[in-house]
1. Find, among the chymotrypsin sites (Phe, Trp or Tyr not before Pro) in region A:139-223, those assigned to loop by DSSP (not H, G, I, E, B) with at most 12 other beta-carbon atoms within 10 angstrom.
2. Just counting partner chain Cβ atoms within 10 Å, what average do the residues of peptide A:389-399 show around their Cβ?
3. Compute the distance in nm between two label points, each set 7 Å from the Cα along the Cα-to-Cβ direction, one at B:SER63 and one at A:THR577.
4. For the interface of B with A, what's the total buried accessible surface in square angstrom, probe 1.4 angstrom, rounded to the nearest hundred?
5. Heavy atoms only, probe 1.4 Å: what % of the accessible area of the protein assembly as shown goes to carbon and sulfur, would you let me know?
6. Solvent-accessible area of B:LEU30, probe 1.4 Å, all protein chains present, reported in Å² to the nearest ten, please.
7. Given the C-alpha centroids of region A:330-383 and region A:56-104, what is the distance between them in whole angstrom?
8. For region A:265-276, just list the computed ³J(HN,Hα) in residue order, Karplus coefficients 6.51, -1.76 and 1.60, θ = phi - 60°, integers in Hz, with x standing in for Gly and Pro.
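The values are calculated or read from the model by the stated rules, or taken from the named source; none is laboratory data. This structure is a prediction, so every number in the text was calculated from the model and none was measured. When we count neighbours, we look across all protein chains shown, and the Cβ atoms used for this are built from the backbone with ideal geometry, even at glycine. We work out accessible area using only protein heavy atoms, side chains counted, and drop any ligands, DNA or RNA first. Shrake-Rupley method; radii C 1.70, N 1.55, O 1.52, S 1.80 Å.
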Amino acid sequence: MLAEFGQSAIWCALLAAIYSIAAAGFSVYRQKTDQISGQKWLSSARNAALITFPLLLIACAIMVMALITDDYSIAYVQQVTSRETPLVLKITSLWGGQQGSLLLWSLLLSGFLGVAWITKWNEKSLMPYALIIGGFTQVFFTYLIAFPENPFEAAPFLAANGSGLSPLLRHPLMIIHPPMLYLGYTGFIVPYAFAMGALMTGRLDDGWIRTTRRWTLAAWLFLSLGLILGGRWAYDVLGWGGYWEWDPVENVAFLPWLTGTAFLHSVMIQEKRGMFKVWNVVLILITYLLVIYGTLIVRTGLLSSVHAFAQSDIQWVFFGFMVFMLLFSAGWAIYRAPALASNNHLGSLLSRESAFLINNFVIMAITLIIFFFTNFTLLSELFTGQEYGVGPQQYNLATGPLFALLLLLMGVAPLTMWYRTSINHLGRLSLWPAAVATLLVIGIVIAGITQIGALIGLWIVFFSTGLTTLEYVRAARARRRSKDESWPTALGQLFVRNQRRYGGYLIHLGVLVMAFGIIGSEFFQADRQIFLQSGQRASLRDYTIEFVQADFYMENDVQVAQATVNVYDEDGSFITTLFPHTDIFGNGEGMTIPDARSTIAEDFYVILVNWEGVQRNAATLRMYINPLINWLWAGGVVFMIGTLIAAWPDPLDMKIAEAERRRVAVLAAGD
Amino acid sequence: MSQSSWTNTKGINLEKSSNKSWQFVVAAVLLVAAVVFVVFNAFNSTGGTQLYVTVDEYLAQESTLSGRDLRVTGWVVGDSIEYTQIDAENSRLEFDIVDDLANPTNRLHIVAFNEPKPDLLQHEAQALVEGQADGNGVFMANKDGLLLKCPTRYEGEQPVIES
């Protein structure tokens, strides 16, 4: 009964979304002859689009209810939950499997689009086209959950209990990681819809960029958060001591983030100089296509992956949709390209616009390399009949130097001026940071570190961090002089007065801090696995562990095997006790939970290996030292704060928008 | 000082600066060359690209593949999993993988030294093993060469057997 109700809600949402497209299309046609009637049809199209959100929300609520009440007549409920699953996890298993994830995807998309239709309603000329394009994506995803991936499908047999959520997904980070990614993914569909609207109407000024800049930043923020949380989850749960494996599913989430990053930078040139208009449209089109591509890869298991739980037959439907959207978008972009000519052209190689251009080039090169490597198995099979794959080492070698170049640009580009910059100006500003970075690197060499890749990376990180910090110092000092403010006030005022700029630099600092952590953990990780009897000790670098004992106990339906491990420093002084453990769930699945001693310098991370062989007085342990790893997470936090500052609604912008709304209202009244 | 980077340099002569387009050509050539170099460097590095095969493909051409760095994909036969602690420093993890769990005759025996037993290593899990054949019917996994995928029953689908 419940299932039929949820099913109907999805069908109604699909019908509403289809109607919305048709009505929006008809409004364009009516607009030519009868404006009032055209407006009515447009309102009707919008209302139909808005109703999809509550309908899908009802479907989600019913699914959650079915999950909570153990309604095993629904196949999905059988797959993702069990009677023993705690309440919170029952709720979050809404996105624990394929069909539920797509349901949540559709819901978030309709929510995002709904907010855009309400807040951007005064964009009357773009609106019908944006409604059609956004609506088309909505129809596609709603179609998936209405038919081939129906979450309410009846179970083939009535089970007394479900299989339960995969233990790996029972982690708090795994609960919030997928929705963040989906928010990022679906958020990018709004700027795409408006960009297409601009292409289709020929209204190719900065209007669509201004309309969607904050949307893009919000989508980008969620995607960043999704990526960072995913990395942290892997680090905490998968027990390999790593956070990024260049796995296809990780890569496809990273690709739209990269093109989104390129877009956020290149729109600034269009706003300041009226250049790169075609490029900006193309970037948002690519970002949209990568979002669809990412969902295709994750949801159809097209590429082998540690994460791809899904194997399904929807890949051809998906593929068809993606190719159609590619041809449709590319067709419009090519058709309008002549109208998107630049108002200006590049002056000097040493200028802000050139710096942005190089930034875009490097980001797109990285995107292309990752895309090419990710699809290498498919491509090689197509051309040679045999499948070849590319490993993490190849990804690191190919993208590492380009990421280093980006980090360097991050420091230098903000020093450049529009039009052109003199070498002397750049040299004067970078002298001190370069000197300090060089001294620091010399110190590191003296300390015994000689890997050339790491040293170059560290020099760039120090140099760019110095330059970025000086940007704040100089600007704050100028404020102190002119306004007689204290240092904290002056610094705070920078963020208030130019949040986009100084929030942006904070994002740069966050990335540099993350890079510091990545260099440390990538180049200097160490590990050792050893079997110890009670009281026996083993060392890794400066750490010595002593295995005390193993304990076994039950916690709800989970059987826990826990080791007690004392940790000593190089002098033999006791530091701490760690409790790595393995949780064995009711269905026999194990989950290794590491325990770590975290400091600003490094993580000393211990896992209990092979729980079946563990006895009370003997166990196999694996130790990892992950140098500087916590800088990666700390940098992530700085990055998020920076993005929030840059994306925060600007009071001045809001006043302008309000004035614009009034102007439109007055004009409309005048008609 | 920093505000100056937002102000336009006055009296700029765009005609004159456009003569510097050679700068852009040089920069573009250098950047493209750098990108081509890093990609080629990655492909020529140790490891390079790796051949992916299924168990049956592997068994069919075992003699030619022996000694090559490969990735073999197959389904784990649950009762073949065995973990042995040889001595304090060394452990051995072994299991069989097959292409068809319903007909598990063509098995490939995987051996991994000093690897923790992955949480997902269990019956019906899909294993992606990177390593080399030793020529005696045993496939030796590389360090960190074991990748396991969740058993597909989480998605309610039967394992899909690749041809």
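1. Details: sites: A:PHE140, A:PHE141, A:TYR143, A:PHE152, A:PHE157, A:TYR182, A:TYR185, A:PHE188, A:TYR192, A:PHE194, A:TRP208, A:TRP215, A:TRP220, A:PHE222; in loops: A:PHE152, A:PHE157, A:PHE188.
Qualifying residues, ordered by number: A:PHE157.
2. 6
3. Between B:SER63 and A:THR577, the label points sit 6.1 nm apart.
4. 6100
5. Values: 22070 of 34870 Å².
Carbon-and-sulfur percentage of accessible area, whole number: 63.
6. Ignoring ligands and nucleic acids, B:LEU30 comes out at about 120 Å².
7. Their Cα centres are 42 Å away from one another.
8. After applying 6.51 cos²θ - 1.76 cosθ + 1.60, I find 7, 6, 5, 5, 5, 5, 5, 7, 10, x, 10, 6 Hz.
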